[in-house]
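Here's the structure we're looking at; comments come further down.
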Amino acid sequence: MNSTKDFSGIKPLEKRVYLSSPTMHGDEMKYIQEAYDTNWMTTAGTNITEIEKQAAAYVGCKYAVALSAGTAALHLATKLAGEKLYGMAKPNQGTLQGHKVFCSDMTFDASVNPVAYEDGEAVFIDTERDTWNMDPVALEKAFEIYPDVKLVIVAHLYGTPGKIDEIKAVCDKHGALIVEDAAESFGATYKGRQTGTFGDYNAISFNGNKIITGSSGGMFLTDSLKDADKVRKWSTQSREDAPWYQHEEIGYNYRMSNVIAGVIRGQLPYLETHIAQKKAIYERYKEGLKDLPVTMNPFDETNSQPNYWLSCLLIDKDAMCQTVRGENKPLYISEKGKSCPTEILEAISAFNAEGRPIWKPMHMQPIYRMNSFITASGNGRAQSNAYIDEGEAVDVGADIFERGLCLPSDNKMTPEQQDVIIEVIHRCFQ
Ligand SMILES: *Cc1c(COP(=O)(O)O)cnc(C)c1O
């Protein structure tokens, strides 16, 4: 650790506190056992049909299709959108061939990779400061620059709903469809309605660190029977109705296992318990860190109810010590009264707790270095001073990545453990 701060007197946590690990309740085993006993050890069975019914009823949509991962759900959602907009793909081409798609920029790469799977080109839309999600002003700007775009992929980061009404209004105005990535926000609401129901095509995830988990898994959510049937067909190798294996379309092996579905079936009744635990963690951090030059990840308190999946903090500009990040390594100079994400992450890790940097924006990723990036003031790539404009960061995503971090947000963390983490963060600013 590079830090020169004084951590004396703080005892390291005996058991590691993770960023967000699975929290099991016992019923999961019952449904796994049921799959075993009935020999439905495959991609069909009661667990799958049950969780599809329950998840659809919970979010308030008509159909849910259980898939192997949130990424699979996003891929098929994106493919459906491509097919609707541009017609059926040839066997050797994706549905988005030659077309641009506007995408959330500060997100996990699984949100946007499906555009590449379908041979499209992601154009990244900068982030706003109020919810850390896609900026509707930058989105409108993007339509001015690329008026032909017909698809927008929007994620709700860390369980916080984005500016859904504004984004929908911009998309409606330009006749664009929406793929909603609610992988991190299952259970969060906007104006009383569940995320995962606002897009034309919607995806959630049951990955091991999400608000509830199947160890892996995801779902496609929709009100369209036709779309649900299509996704189910694509996810099971696109078999036609024939006595032999007959194929008119490219297929995928994306269906969920009935064993995984058993885990999710055991977890679903605890979704709201998990949200309450995560909310308590968020509020404890907020209270415990209120005297420091930091703020918590913000949300729209009037219109939205996050699921508080991850608690994050943002360091005030003038409380940042000097720091640079190369492609693979960070460097910082420890400074009295100031700190930075790397110093805090190293310090809490030394005391046995796991944090994480903010998702590094997609426009900063080597793999997407040639893709366009649009900020609220225009083409972010074209500005020689894209990041800093008269002392104001105009590339919001880069700024949040530089000054922000995800705090240990595990459901099972005790208040005493959290107090240790809060104390270590205080020492970082001494
Ligand atoms: C986790 C996640 C995904 C992918 O879900 P998997 O189930 O891991 O494939 C997609 N988008 C975002 C924003 C995520 O956090």
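The values are calculated or read from the model by the stated rules, or taken from the named source; none is laboratory data. Keep in mind it's a predicted model, so treat the numbers as computed, not measured. Methodologically, a virtual Cβ is constructed for each residue, glycine included, from the backbone with ideal geometry; neighbour enumeration extends over all protein chains shown. Quick note on the areas: whole protein, heavy atoms, side chains included, nothing else; ligands and nucleic acids left out. Shrake-Rupley method; radii C 1.70, N 1.55, O 1.52, S 1.80 Å.
The Cα center of region 269-332 and the Cα center of region 1-36 differ in position by 18 Å. Placing 410, 6 in order of accessible area, with the largest value first and a 1.4 Å probe, yields 6, 410.
Backbone amide hydrogens, once placed in the peptide plane, bring residue 99 within less than 5 Å of 121, excluding anything fewer than 5 places away on its chain.
Taking label positions 7 Å along the Cα-Cβ direction at both residue 1 and residue 97, the computed distance is 5.6 nm, reported to one decimal.
Note that region 333-349 has calculated 3J(HN,Hα) couplings of 10, 5, 9, 4, x, 10, 7, 7, x, 5, 4, 5, 4, 5, 5, 5, 5 Hz, one per residue in order, obtained from phi through the Karplus relation 6.51 cos²θ - 1.76 cosθ + 1.60 (θ = phi - 60°); glycine and proline are x.
The calculated FRET efficiency for residue 238 paired with residue 329, based on their beta-carbon distance and R0 = 35 Å, is about 0.20. With Cα atoms defining each centre, region 46-77 and region 102-119 are spaced 21 Å apart in the structure. Each Lys and Arg adds +1 at its Cβ and each Asp and Glu adds -1 at its Cβ; summed about the Cα centre, region 1-160 shows a dipole of about 180 debye.
With θ taken as phi - 60° and the Karplus curve 6.51 cos²θ - 1.76 cosθ + 1.60 applied, the whole-hertz 3J(HN,Hα) list for region 96-107 is 9, 2, x, 10, 8, 9, 7, 9, 3, 9, 8, 7 Hz, x standing for glycine and proline.
Helix 70-86 and the long axis of the chain differ in direction by around 60°, with both axes built from C-alpha atoms.
Exposure check, 1.4 Å probe, all protein chains in place: residue 99 carries approximately 60 Å² of accessible surface. The fraction of accessible area contributed by carbon and sulfur in the chain is 51 percent, rounded to a whole number (1.4 Å probe; ligands and nucleic acids excluded).
Suppose all protein chains stay in the model; what accessible area per residue would a 1.4 Å probe give for the chain, in Å²? Result: 42 Å² per residue.
Kirkwood radius and radius of gyration were both taken over the C-alpha atoms of region 146-230, and their ratio Rg/Rh is 0.99.
Using a simple spin-label model with pseudo-atoms 7 Å out from Cα toward Cβ, residue 250 and residue 336 lie 6.2 nm apart. Principal semi-axes of the equivalent ellipsoid, √(5λ) from the alpha carbon gyration tensor of region 290-361, are 24, 15, 13 Å from largest down. In plain terms, the chain from residue 350 to residue 148 could stretch by 67.7 nm, reckoned as 0.36 nm per residue minus the Cα-Cα distance. Each of 251, 293, 225 was scored by the projection of its Cα onto the charge dipole of region 198-297, and the greatest displacement toward the positive side belongs to 293; charges sit on the C-beta of Lys, Arg, Asp and Glu. Shape analysis of region 1-157 places it in the oblate category; the axes a ≥ b ≥ c from the Cα gyration tensor give an a/c of at least 1.5, with a/b not above b/c. Expressed as a rounded percentage, what relative contact order does the chain have, with Cα pairs under 8 Å and six or more residues apart? Over the chain, the number comes to 24 percent. Residue by residue, region 212-224 carries 3J(HN,Hα) couplings of 10, 9, x, 5, 7, x, x, 9, 9, 10, 7, 9, 9 Hz when phi is fed to the Karplus relation 6.51 cos²θ - 1.76 cosθ + 1.60 (θ = phi - 60°); x denotes Gly or Pro. Of the residues 166, 180, 327, the one with the largest accessible area comes first in the ranking 327, 166, 180, computed with a 1.4 Å probe on protein heavy atoms.
Positive contributions from Lys and Arg (+1) and negative ones from Asp and Glu (-1), summed over other residues with Cβ under 14 Å from the Cβ of residue 342, come out at +3.
Here is the list for region 1-35: trypsin sites (Lys or Arg not before Pro) lying in DSSP coil, each with at most 13 other C-beta atoms within 10 angstrom of its C-beta, are 15. Sorted largest first by accessible area at a 1.4 angstrom probe radius, with every protein chain in place, the residues 316, 241 fall in the order 241, 316. Here's how it looks for residue 304: its modeled amide H is under 5 Å from those of 191, which are all 5 or more places away or on a different chain. Beyond 43 Å, what percent of the Cα pairs of the chain remain? The answer is 14 percent, as a whole percent. Size descriptors for region 138-188 (Cα atoms only): Rg and Dmax, in that order, 11.6, 35 Å. Under the simplified labelling scheme, the residue 276-residue 57 pair shows an inter-label distance of 2.0 nm, with each label point 7 Å from Cα along Cα→Cβ. Close amide-amide hydrogen proximity is noted between residue 311 and 407, each under 5 Å apart and 5 or more residues distant or on a separate chain (H modeled in the peptide plane; Pro and chain starts excluded).
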